[in-house]
Amino acid sequence: MLKRRKENEIRWKCYVVVGTLDGKIGLGIRCSKDKTKAFQRATRSAKRNMITIAKGTYSRGDSGNHHTVQRPTIGRYGSQRIELDPAPRGTGIAHPMARAMFKVAGIDDCIIRSSMEESLPLGSIASGLFHALKTLKIRRL
């Protein structure tokens, strides 16, 4: 049954990213009338949707910990197209939303090419980056 919303009814939409430094990351998106309820539901959803991504090094001779994405990948979400490429150590991540998401997953360096502009909603950018990281998911045989 459809319920009509009142004109002045406020709905809170929360985007939550959770992760571990060893390469697990999850994104949760939920709506609710109450801000704390939306945050709790988004956190629960992010924990349920966690994936393990494959991290790698930029050069084969680099004998250190894995600091970047394993291979070039493309993620699509809506009209966005986001490309992630491995980067040398010390490059960093330019986009603030991507920097926050990748820091949670333990990725320090990455080159991002996309149609991300400042006018795009941050929720679309977060979803696009998560879909790009989903292609780096470690597959179990």
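Can you name the number of the only condition in (1) open to solvent by 70 Å² or more (accessible area, probe 1.4 Å); (2) modelled with pLDDT under 85 that Gly75 fails?
(1)
Across the stretch 5-22, what is the number of residues that are farther than 24 Å from Ser124 by Cβ and either of a type outside the set (S, T, N, Q) or open to solvent by 60 Å² or more (accessible area, probe 1.4 Å) (or both)? Explain how you work it out, then say what you get.
Pass one, the stretch 5-22, residues farther than 24 Å from Ser124 by Cβ: 6-8, 20-22.
Filter once more, so that each one left must be either of a type outside the set (S, T, N, Q) or open to solvent by 60 Å² or more (accessible area, probe 1.4 Å) (or both): 6-8, 21-22.
Counting residues in the stretch 5-22 that are farther than 24 Å from Ser124 by Cβ and either of a type outside the set (S, T, N, Q) or open to solvent by 60 Å² or more (accessible area, probe 1.4 Å) (or both) gives 5.
Considering Ile82, Ile51, Ile29, Ile25, which residue is over 19 Å from Leu122 (Cβ atoms), modelled with pLDDT under 95 and of a type in the set (Val, Ile, Thr)? Even if it seems obvious, please write down each step before you answer.
Numbers: Ile82 fails: over 19 Å from Leu122 (Cβ atoms); Ile29 fails: over 19 Å from Leu122 (Cβ atoms); Ile25 fails: over 19 Å from Leu122 (Cβ atoms).
It is Ile51.
Table: residues versus (1) more than 12 Å from the chain's Cα centre (by Cα); (2) open to solvent by 20 Å² or more (accessible area, probe 1.4 Å).
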residue: Arg44; (1), (2): yes, yes
residue: Ile51; (1), (2): no, no
residue: Glu83; (1), (2): yes, yes
residue: Arg99; (1), (2): no, yes
residue: Lys103; (1), (2): no, yes
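Open to solvent by less than 30 Å² (accessible area, probe 1.4 Å) and either of a type in the set (Val, Ile, Thr) or assigned to a loop (DSSP other than H, G, I, E, B) (or both): is that true of Ile25 in this structure? Please lay out each step first, then the result.
On the way: open to solvent by less than 30 Å² (accessible area, probe 1.4 Å): yes; either of a type in the set (Val, Ile, Thr) or assigned to a loop (DSSP other than H, G, I, E, B) (or both): yes.
When the stated conditions are applied, Ile25 passes them.
The values are calculated or read from the model by the stated rules, or taken from the named source; none is laboratory data. Predicted model only: the values in this text are computed from it and were never measured. Cβ sites come from the backbone with ideal geometry, for glycine too, and all protein chains shown count toward neighbours. These area figures cover heavy atoms from the full protein model, side chains too; ligands, DNA and RNA do not enter into them. Shrake-Rupley method; radii C 1.70, N 1.55, O 1.52, S 1.80 Å.
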